[in-house]
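The values are calculated or read from the model by the stated rules, or taken from the named source; none is laboratory data. Given the structure is predicted, the values throughout are model-derived calculations rather than measurements. Because the Cβ atoms are built from the backbone with ideal geometry, glycine has one as well, and the counts that use them run over all protein chains shown. Ligands, DNA and RNA are stripped out before the accessible areas are found, and what is left, the full protein with its side chains, is counted by its heavy atoms. Shrake-Rupley method; radii C 1.70, N 1.55, O 1.52, S 1.80 Å.
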Amino acid sequence: MNLKKYLDREFENGLRSLGALDAPAVVKQASKPAFGHYQANGVMGAAKKRKSNPRELAQSLLDLIEGSKELTGVAEYEIAGPGFINITLTPAFIQTELDRNAQDPRLGIPLETARKILIDYSSPNLAKEMHIGHLRSTAIGDANVRILEFLGHEVVRANHVGDWGAQFGSLLAYMDKLEQTGEALATELKDLEVFYQKASELFKTDEKFAARARQFVVRLQSGDAKCLDLWERFIKESIRHCQAIYDLLDISLTADDVRAESAYNDVLASTIEKLEAKGLVEISDGAKCVFMDEFTGKDDKPLPAIVQKSDGGYPYMATDLAAAEYRGHTLRVDEALYFVDGRQSLHLSQLYAIASAAGFIQENQVFSHIPFGTILNKEGKPFKTRDGGAVKLADVGDEAIERALKLVSDKNPDLTEEDRNHIARVVGIGAIKYAELSKNRTTDYIFNWDTMLSFEGNTAPYLQYAYTRIMSIFRRAGLNSGDINGPFNLREPDEIALATRLLQYPEAVESVVEDYQANILCNYLFDLSQHFMTFYESCPVLKADDEMRDSRLRLCDLSAKTLKHGLGLLGIQTVEHM
Ligand code: ARG
């Protein structure tokens, strides 16, 4: 059960009876909660609106709900500060609910009413190798995909890769050149980055090559067979390369999830015709444009969205409109969420407005942009290689594993090499993904190897290590998870605190998808581990007498399960020892 929602209901009903319900969700976790504490602060909002004294309103509310508190599982309500109500749950309630969650393979998280939700994420342009900037959309999108799926939704993963357009001209011209000169194209394609560099170098320095490159763009768009063949080979190689990165980073995307820009080529003309039929298109500087009242630039001038260029070519917007229609009409999604860099917010707002005006998106369908900030270096500048180039995502993954290997070897030199390599992979990849996920997605963040790989603080290694410590308790006891079944018996403040945290797991998971902020789950797991450590320091587990020992072992077991499950929802693995 979602504890917050459960308590909300109680308060909502109370406030409704008092005719004072203005703020819908009135309960929130106290920011610095003592154990078992929830805090209702919506009372203050409600009081403000009716211009009454919040403490008095709180008191009337308590007079109303005091009588039923035992039924609710509340030990005590206490008015605090300017009008908060602190809520302390009874150990009996905590024990019963905890027992229910512990026996539930879903750890107490109910299925939601299923909706069809498309997540557009990762979506790199294939004319370049994936770089660190792609980490955000890829990692954050994937965590949300996993969570929504777990909550019972029908999720469509959409990798809207950019595989079409002018930038392919020089790549195709270069492929053609290699073939003509008999140089081994296949070998060159093995290192895509070098391949891109050579092609763009030629484009800049060799006039003839540049002219051929431009020709190739035209040939590609007119469906020239030879050109399409080269292009297909290139795209296949490039997608294979992306897939290798997804596999390395444990991203749940597969080749089946790719629906590239080129997949819409055949319908682009009719997409634009539909806009024209709706009277949405105007010609401006020879290009077909859509002007929408809500988009104005400097001097309040209307801002155009170009849907067909003056040379007849179709820009990014045209493909996106076709994709929106496909998602709205053919897939009939309830929601389409675009996990895309914040810098594309104008493009996407224009897209949704035009697609709605054209009837591609129905009123009951929600299309929204889930934006995020930029990854910065320690100096607060966009993250680049030393020579100013883009940092390859493949290199980031490899470096993470390499650094983790060193840490793991220092920490435990007795492990076998195979073990060490496996742990290094799980810890290294977990660290970079967690660094991403644990930040508020809308802000820029600084990429820092040392903090993300630290075993202290809010990091994947800390959580993964906490998990292994619990596993070692079971190993020492010669027990497996699930061997212990006795009742929970919570006595010490630290075990009640831990138990309450454990009860909050469903709430943490459900809160993530309210605004697609995975950091809520990260913060929860971090807080849970800290409470576990405190509990473990103050409450003996294996040395306690039988009844307490079993109850505490079950607390350990559920803590481990919750950590593993929560990290799993974030796309991060655990190991049994390290
Ligand atoms: N390929 C684009 C880029 O790399 C991102 C695509 C996002 N999805 C979309 N439907 N526009 O910038």
The helix 393-411 Cα axis meets the longest alpha-carbon principal axis of the chain at an angle in degrees, between 0 and 90 and rounded to 10, of 40 degrees
For V512, the net charge from surrounding residues (Cβ-Cβ under 12 Å; K, R +1; D, E -1) works out to -2
What is the sum of charges around K439, taking Lys and Arg as +1, Asp and Glu as -1, for the other residues whose C-beta is under 15 Å from the C-beta of K439? -1
If you take every residue apart from E188 with its C-beta less than 11 Å away from the C-beta of E188, what net charge results, scoring Lys and Arg +1 and Asp and Glu -1? -1
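Under a 1.4 Å probe, what is the accessible area of segment 43-91 per residue, stated in Å²? It would help to have the intermediate numbers written out before the result.
Details: 2560 Å² over 49 residues.
On a per-residue basis, 52 Å².
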For segment 385-472, with equal point scatterers placed on the C-alpha atoms only and solvent neglected, what are the log10 I(q)/I(0) values from the Debye formula at q = 0.13, 0.21, 0.23, 0.24 1/Å, to two decimals? -0.45, -1.04, -1.18, -1.25
Full-extension gain between S349 and A210, please, as 0.36 nm times their residue separation minus the C-alpha to C-alpha distance. 46.5 nm
Highest mean first, what order results for 168-176, 182-190, 507-515 on Cβ atoms within 10 Å? 168-176, 507-515, 182-190
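I'd like the carbon and sulfur percentage of the solvent accessible area for the chain, probe radius 1.4 Å, heavy atoms only, ligands and nucleic acids excluded.
Whole-percent figure for carbon plus sulfur exposure: 49.
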Quick check on segment 146-233: what are the equivalent-ellipsoid semi-axes from the Cα gyration tensor, as sqrt(5λ), descending, whole Å? 33, 15, 13
Would you kindly give the portion of the calculated P(r) for segment 423-539 that falls above 18 Å, as a percent of all Cα pairs? 60 percent
For a Förster distance of 25 Å, can you work out the FRET efficiency between the beta-carbons of R240 and R386, rounded to the nearest 0.05? 0.35
Degrees, to the nearest 10: 54-65 long Cα axis against longest axis of the chain: 70 degrees
Run the helix sum for the chain: -39,500 (n - 2.57) per DSSP H stretch of 4+ residues, divided by residue count, reported at 222 nm to the nearest 500 deg cm²/dmol. -17000 deg cm²/dmol
Over all directions, how big on average is the projection of the convex hull of the alpha-carbon atoms in the chain, in square nanometres? 32.4 nm²
Report the rotationally averaged projected area of segment 397-445 based on its alpha-carbon convex hull, in square nanometres. 3.6 nm²
At 1.002 mPa s and 20 °C, plugging the Kirkwood radius over alpha-carbon pairs of segment 159-295 into Stokes-Einstein gives what diffusion coefficient in µm²/s? 124 µm²/s
May I ask you to order 476-483, 216-223, 423-430, 290-297 by the average number of other C-beta atoms within 10 Å around their residues, highest value first? 423-430, 216-223, 290-297, 476-483
Quick one: pull the percentage of alpha-carbon pairs in segment 519-559 with a separation above 17 Å. 34 percent
Roughly what angle does helix 519-538 make with the longest principal axis of the chain, taking Cα atoms, 0 to 90 degrees, to the nearest 10? 40 degrees
Quick check: Cα centre of segment 411-484 to Cα centre of segment 487-518, how many Å? 20 Å
Spin-label proximity, N412 to segment 475-504 - amide N less than 18 Å from point 7 Å beyond Cα toward beta carbon: 475-481
Peptide ranges 80-90, 535-545 listed from the most packed, as the mean C-beta count within 10 angstrom indicates: 80-90, 535-545
